[in-house]
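> Shown below is the structure under consideration.
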Amino acid sequence: MFPSLLKIYLENITVCGVTFYYTDEGVPKGLCRAKELYYVTTAGGPNFKNFGFDYVSSLAKDFYGVGKTEFISAEGLDIWGANVEKILKEAERAVDELKIDG
């Protein structure tokens, strides 16, 4: 998931005529100029399903018109014996690789 303030922010910017409009068929069409969105998160344990990413990705694609969304996660940070620095560095490297490819 993600902080409740982020959900409030997303609800406030998802405004017809500002971030999207409806076609004559009633389908939302995005007005955002961004081409991609990176969703970066951390988790104390494994992330089996990330509802936060699904929500943000759907908004970005369906309402804002962002064509590509990427999920990057540093997971298992609270597991006893986890190499936290390594986990964080791997997530950071994943972001850097996306920026190079993008």
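> With the requirement that a residue be under 17 Å from the mean Cα position of the chain (by Cα) and touching a residue at least 12 places away in the same chain (Cβ under 8 Å), what does the stretch 71-95 give you?
Hits for the stretch 71-95 are F71, I72, S73, A74, E75, A91, A94, V95.
> A follow-up question, please. Tell me which residues, restricted to the stretch 38-53, are surrounded by 13 or more Cβ atoms within 10 Å (Cβ to Cβ), more than 16 Å from L5 (Cα to Cα) and not β-branched (V, I, T).
Listed by number, the residues that qualify are Y38, A43, N47, N50.
> Could you tell me whether K7 is within 23 Å of D78 (Cα to Cα) and of a type in the set (K, R)?
Numbers: within 23 Å of D78 (Cα to Cα): no; of a type in the set (K, R): yes.
Taking the combined requirement at face value, the residue does not satisfy it.
> Taking the stretch 21-70, which residues are under 18 Å from the mean Cα position of the chain (by Cα) and part of a strand (DSSP E or B)?
Residues satisfying the conditions are G30, E36, L37, Y38, Y39, V40, T41, T42, K68, T69, E70.
> Take the residues in the stretch 55-78 that are surrounded by 13 or more Cβ atoms within 10 Å (Cβ to Cβ) and out of contact with any strand residue (DSSP E or B) (no Cβ under 9 Å at 6 or more places or on another chain); name whichever of them is nearest to C32 (Cα to Cα).
L59
Laboratory data are not the source of any read-out in this text; all were calculated from the coordinates shown. A quick note: this is a predicted structure, and the numbers were derived from the prediction, not measured. For neighbour counting, all protein chains shown are included, and Cβ atoms are generated from backbone atoms with ideal geometry for every residue, glycine included.
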